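Asker: Let me give you the structure first, and then I'll get to my questions.
The values are calculated or read from the model by the stated rules, or taken from the named source; none is laboratory data. What you see is a predicted model, and the numbers here were worked out from it, not measured in a lab. When we count neighbours, we look across all protein chains shown, and the Cβ atoms used for this are built from the backbone with ideal geometry, even at glycine. Just the protein is used for accessible areas: all its heavy atoms, side chains included, with ligands, DNA and RNA removed. Shrake-Rupley method; radii C 1.70, N 1.55, O 1.52, S 1.80 Å.
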Amino acid sequence: PKGTPAADGESETNFKQDLIDYLTSYQSTTLKEWVTIIKEYDLSETRVFLIGSTPGRYVGKDKNKWGHLKLRKILSEHTSSVASSDTWHLIGQFSSIGSMGADKSKWLCAEFMESLVTLGKQYKSLANHQTAFHLIYPTVDNVRTSLEGYPAGGSLPYSIQTAQKQLWLHSFFHKWLADASGRTRAMPHIKTYMRASPDFQEIAWFLVTSANLSKAAWGALEKNNTQLMIRSYELGVLFVPSAFKSGADVFKVQQTHLLKHASGALSFPVPFDLPPEHYGSKDRPWIWNIPYTSAPDTHGNMWVPS
């Protein structure tokens, strides 16, 4: 009801306050009206965590409030460690890519990976970490043979200027394949991240978000790791088994996308095929600002950006 304190109707995941903090960060009069409305709602049954990013430089306790450090904090506090965690895969799927630096040690397999490999309180140094990192991003042929053909690539803005500076990144790439849901030919604009078991039958957590693979979206540490700098607004929801009070430490990967009732186990519909399929020797990542004229797309057209 009107006049309800903001703390009322809060969930165990702190979703309500996190949403209010995110909207407030825009410093928008229009959004302030929405904040007032949200304060009056009961969100106590919410079972997901909010992972947001908002532009700025953050230190002290605010450093863990946004970006990949917020994800690291929630994974530390609300997931459980698993045996042989090094053998559990990291998967990231996205529709755009920012500058990662000269090699994987600059950000991707350093601070960002350190956040994503977090499972429970047990800290493991990345020095001897063997976790496989699978990055899913459409190939040129994925786009060419898609429902829209080459124009679908207009929503996959990886530029040649960025790509040429990080050819090392392409060894992490896997194709977009979603045969189980019938969506292989539908180019994705979702962004998802997860931790999958060695056999890809279970996941420890799942995040769907607006955050692409970039330091701008997730944040980058500065000043000897005492400060996190973020350039863009992003918002995502994190699913962890503990929030569903089933006693399970993992989600079972749902094998079919038909609606069904799981028998006891928590099941989760991953939006693409597992395990991910690595790029073949002739596959190239889609780059949107170069021409493709060697083969027509599904509508008989070539791609010659202006």
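Asker: Which residues, taken from segment 184-211, are among the hydroxyl-bearing types (Ser, Thr, Tyr) and under 10 Å from Leu90 (Cα atoms)?
Answerer: Taking segment 184-211 and keeping what is among the hydroxyl-bearing types (Ser, Thr, Tyr), we get 184, 192-193, 197, 209-210.
Once the filter is applied, which keeps residues that are among the hydroxyl-bearing types (Ser, Thr, Tyr) and under 10 Å from Leu90 (Cα atoms), segment 184-211 yields Tyr193, Ser197.
Asker: Then there's this: Out of the helices (runs of 4 or more DSSP H) lying entirely within segment 1-109, which hold 3 or more residues that are under 30 Å from Ala248 (Cα atoms)?
Answerer: Numbers: elements: 15-24, 29-39, 67-78.
In segment 1-109, 15-24, 67-78 are the helices (runs of 4 or more DSSP H) which contain 3 or more residues that are under 30 Å from Ala248 (Cα atoms).
Asker: Report yes if some residue within segment 239-254 is touching a strand residue (DSSP E or B) at 6+ places or on another chain (Cβ under 6 Å), of a type in the set (Asp, Glu) and open to solvent by 40 Å² or more (accessible area, probe 1.4 Å); otherwise report no.
Answerer: no
Asker: Considering only residues that are free of Cβ contacts under 8 Å to residues at least 60 places away in the same chain and surrounded by fewer than 18 Cβ atoms within 10 Å (Cβ to Cβ), which ones fall in segment 196-207? Reasoning before the result, please.
Answerer: Taking segment 196-207 as the starting set, the residues that turn out to be free of Cβ contacts under 8 Å to residues at least 60 places away in the same chain are 199, 201-202.
Matches in segment 196-207: Asp199, Gln201.
Asker: State which residue pairs qualify: first residue in contact (Cβ under 8 Å) with a residue 12 or more places away in the chain and of a type outside the set (Phe, Trp, Tyr) and inside segment 285-304, second residue open to solvent by 50 Å² or more (accessible area, probe 1.4 Å) and not in a loop (DSSP other than H, G, I, E, B) in any location, beta carbons under 6 Å apart, and separation of 6 or more residues or different chains.
Answerer: Taking only residues 6 or more apart or on different chains, the pairs are Asp297/Arg144.
Asker: Run Gly120 past the list (1) open to solvent by less than 10 Å² (accessible area, probe 1.4 Å); (2) not in a loop (DSSP other than H, G, I, E, B) and report the number of the one that doesn't hold.
Answerer: (2)
Asker: In segment 71-98, how many residues are crowded, with 19+ Cβ neighbours inside 10 Å and touching a Gly at 6+ places or on another chain (Cβ under 7 Å)?
Answerer: Of the residues in segment 71-98, 1 are crowded, with 19+ Cβ neighbours inside 10 Å and touching a Gly at 6+ places or on another chain (Cβ under 7 Å).
Asker: I would also like to ask the following. Can you tell me how many residues within segment 171-183 are open to solvent by 40 Å² or more (accessible area, probe 1.4 Å) and either in a strand (DSSP E or B) or under 17 Å from His89 (Cα atoms) (or both)? Full working, then the answer.
Answerer: Just the residues of segment 171-183 that are open to solvent by 40 Å² or more (accessible area, probe 1.4 Å), to begin with: 171, 175, 177, 179-180, 182-183.
Add one more test, that the residue is either in a strand (DSSP E or B) or under 17 Å from His89 (Cα atoms) (or both), and what stays is 171, 175.
Adding up the residues that qualify gives 2.
Asker: Related question: Within segment 75-89, identify whether any single residue is of a type in the set (Phe, Trp, Tyr) and out of contact with any Pro (no Cβ under 9 Å at 6 or more places or on another chain), and answer yes or no.
Answerer: Looking only at segment 75-89, we keep the residues that are of a type in the set (Phe, Trp, Tyr), and these are 88.
Among the residues that remain, those that are also out of contact with any Pro (no Cβ under 9 Å at 6 or more places or on another chain) are: none.
No: segment 75-89 contains no residue that is of a type in the set (Phe, Trp, Tyr) and out of contact with any Pro (no Cβ under 9 Å at 6 or more places or on another chain).
Asker: While we're here: How about segment 211-232: which of its residues are under 14 Å from the mean Cα position of the chain (by Cα) and assigned to a loop (DSSP other than H, G, I, E, B)?
Answerer: Narrowing segment 211-232 to residues under 14 Å from the mean Cα position of the chain (by Cα): 211-219.
Once the filter is applied, which keeps residues that are under 14 Å from the mean Cα position of the chain (by Cα) and assigned to a loop (DSSP other than H, G, I, E, B), segment 211-232 yields Ala211, Asn212, Ser214, Gly219.
Asker: To continue, here is another question. Can you tell me which residue is most open to solvent (accessible area, probe 1.4 Å) among those in segment 255-306 that are among the aliphatic types (A, V, I, L, M) and at pLDDT 95 or above? Show your work before the answer.
Answerer: Taking segment 255-306 first, the residues among the aliphatic types (A, V, I, L, M) are 258-259, 262, 265-266, 270, 274, 287, 290, 295, 302, 304.
The next check asks that each one be at pLDDT 95 or above; those that pass are 270, 274, 287, 290, 295, 302, 304.
Working: Val270: 5, Leu274: 46, Ile287: 14, Ile290: 46, Ala295: 25, Met302: 88, Val304: 105 Å².
Looking at the filtered set, the residue picked out is Val304.
Asker: Just need a number here: residues in segment 130-159 that are open to solvent by 40 Å² or more (accessible area, probe 1.4 Å), modelled with pLDDT of 95 or more and of a type in the set (S, T, N, Q).
Answerer: Qualifying residue count, segment 130-159: 2.
Asker: Okay, next question. So, in segment 31-62, of the ones that are within 19 Å of the chain's Cα centre (by Cα) and open to solvent by 40 Å² or more (accessible area, probe 1.4 Å), which residue ends up farthest from Asp18 (Cα to Cα)?
Answerer: In the first step, residues of segment 31-62 are kept if they are within 19 Å of the chain's Cα centre (by Cα); the result is 47-55.
Next, only the ones that are open to solvent by 40 Å² or more (accessible area, probe 1.4 Å) stay: 47, 55.
Numbers: Arg47: 13, Pro55: 16 Å.
Restricting to residues being within 19 Å of the chain's Cα centre (by Cα) and open to solvent by 40 Å² or more (accessible area, probe 1.4 Å), the top hit is Pro55.
Asker: Separate question: Go through the residues of segment 108-117 one by one and say whether even a single one is more than 15 Å from the chain's Cα centre (by Cα), β-branched (Val, Ile, Thr) and under 27 Å from Ser242 (Cα atoms).
Answerer: no
Asker: From the list Lys32, Lys39, Lys73, pick out the single residue that is in contact with a helix residue (DSSP H, G or I) (Cβ under 8 Å, 6 or more places away or on another chain) and in contact (Cβ under 8 Å) with a residue 12 or more places away in the chain. I'd like the intermediate steps shown before the answer.
Answerer: Working: Lys32 fails: in contact (Cβ under 8 Å) with a residue 12 or more places away in the chain; Lys73 fails: in contact (Cβ under 8 Å) with a residue 12 or more places away in the chain.
It is Lys39.
Asker: Next question. Within segment 15-28, is even one residue out of contact with any Leu (no Cβ under 7 Å at 6 or more places or on another chain), open to solvent by 70 Å² or more (accessible area, probe 1.4 Å), at pLDDT 95 or above and over 30 Å from Tyr158 (Cβ atoms)? Before the answer, list the steps.
Answerer: Here is the first cut: in segment 15-28, the ones out of contact with any Leu (no Cβ under 7 Å at 6 or more places or on another chain) are 17, 20-21, 24-28.
Filter again for open to solvent by 70 Å² or more (accessible area, probe 1.4 Å), leaving 24, 26-27.
Narrowing further to those that are at pLDDT 95 or above: 24, 26-27.
Remaining after also requiring over 30 Å from Tyr158 (Cβ atoms): 24, 27.
Within segment 15-28, one or more residues are out of contact with any Leu (no Cβ under 7 Å at 6 or more places or on another chain), open to solvent by 70 Å² or more (accessible area, probe 1.4 Å), at pLDDT 95 or above and over 30 Å from Tyr158 (Cβ atoms).
Asker: Moving to a separate point now. Just to be sure before I move on: is Thr192 in a loop (DSSP other than H, G, I, E, B) and either among the small types (Gly, Ala, Ser) or surrounded by 16 or more Cβ atoms within 10 Å (Cβ to Cβ) (or both) in the structure I sent? Spell out the reasoning first.
Answerer: Numbers: in a loop (DSSP other than H, G, I, E, B): no; either among the small types (Gly, Ala, Ser) or surrounded by 16 or more Cβ atoms within 10 Å (Cβ to Cβ) (or both): yes.
Considered against the rule, which asks whether it is in a loop (DSSP other than H, G, I, E, B) and either among the small types (Gly, Ala, Ser) or surrounded by 16 or more Cβ atoms within 10 Å (Cβ to Cβ) (or both), Thr192 comes out as no.
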